[in-house]
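Taking it in order: structure first as structure tokens, then the write-up.
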């Protein structure tokens, strides 16, 4: 059961200083499945993405676990003035496990807080990436709402995916690696995948070339890049055929 993969971790809020319990995944118990083409992690019996956000029930400050702290004094003040001042603490305790609607609300609060505290571009981009993955997961397990709800989720997924793509492009040119915990080769591969999705094949080709020309990329990474190169070449040929038809 999903709850068997979770434990309670005591967290101290970087804004208000209060302690609270947060649900965290027991990584040792996970059974990894094949990830999506764009590195979205997948595991048997649990979607770990749902549990990668810390949210203080006292002041409302919320962020991905990797970005929850530290904060500057200026960022703390921004959160207090723009988030905490209008925050109403929940009247009920947190559910035993998070459904997707709960997880989505927490992620969107994290994105709001990241914007308010003027976070690094990479933090905003990574939060948007995980939001797009979460929307994809919601669409995969959707049992109610039909085509209309599926279309709404797909629209949100695409919007967050685009923001992640644009944000990472900016972060690559303005920040030092690692970016969002990724080295340059991993981020090149991710960006090539997203660029393919948006049919920006020139950008995707450059990113793949960076990997194939690298002296430090391992065989597994280069094999993945070669597979992606084949996808890009095929897509370019199909696009050209449509134009000439």
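Of the conditions (1) part of a helix (DSSP H, G or I); (2) within 30 Å of residue 85 (Cα to Cα); (3) in contact (Cβ under 8 Å) with a residue 12 or more places away in the chain, residue 115 satisfies every one except a single condition; which number is it? Of everything listed in (1) part of a helix (DSSP H, G or I); (2) within 30 Å of residue 85 (Cα to Cα); (3) in contact (Cβ under 8 Å) with a residue 12 or more places away in the chain, residue 115 misses just condition (3). Any idea how many residues of segment 11-30 are out of contact with any helix residue (DSSP H, G or I) (no Cβ under 9 Å at 6 or more places or on another chain) and modelled with pLDDT under 95? Final tally of qualifying residues: 1.
The sole residue among 181, 146 that is surrounded by fewer than 22 Cβ atoms within 10 Å (Cβ to Cβ), at pLDDT below 95 and on the phi > 0 side of the Ramachandran plot is 146. Filtering segment 22-35 down to residues that are in contact (Cβ under 8 Å) with a residue 24 or more places away in the chain and within 26 Å of residue 114 (Cβ to Cβ), which residue is surrounded by the fewest Cβ atoms within 10 Å (Cβ to Cβ)? Within segment 22-35, the match that is surrounded by the fewest Cβ atoms within 10 Å (Cβ to Cβ) is 24. Only helices (runs of 4 or more DSSP H) whose full extent lies in segment 150-245 are considered here, and the ones with at least 3 residues that are without any contact (Cβ under 8 Å) to a residue 24 or more places away in the chain are 201-212, 219-244.
Just the residues that are in contact (Cβ under 8 Å) with a residue 12 or more places away in the chain and either surrounded by 13 or more Cβ atoms within 10 Å (Cβ to Cβ) or at positive phi (or both), please, taken from segment 76-94. Residues satisfying the conditions are 76, 78, 79, 80, 82, 83, 84, 87, 94. When you check residue 128 against the structure, is it surrounded by 16 or more Cβ atoms within 10 Å (Cβ to Cβ) and within 13 Å of the chain's Cα centre (by Cα), yes or no? When the stated conditions are applied, residue 128 passes them. Would you mind stating whether residue 103 is without any contact (Cβ under 8 Å) to a residue 60 or more places away in the chain and under 21 Å from residue 6 (Cβ atoms)? Spelling it out, residue 103 is indeed without any contact (Cβ under 8 Å) to a residue 60 or more places away in the chain and under 21 Å from residue 6 (Cβ atoms).
The values are calculated or read from the model by the stated rules, or taken from the named source; none is laboratory data. All figures in this text were calculated on a predicted structure; none of them were measured in a lab. In this analysis, Cβ positions are derived from the backbone assuming ideal geometry, glycine residues included, and neighbour counts consider all displayed protein chains.
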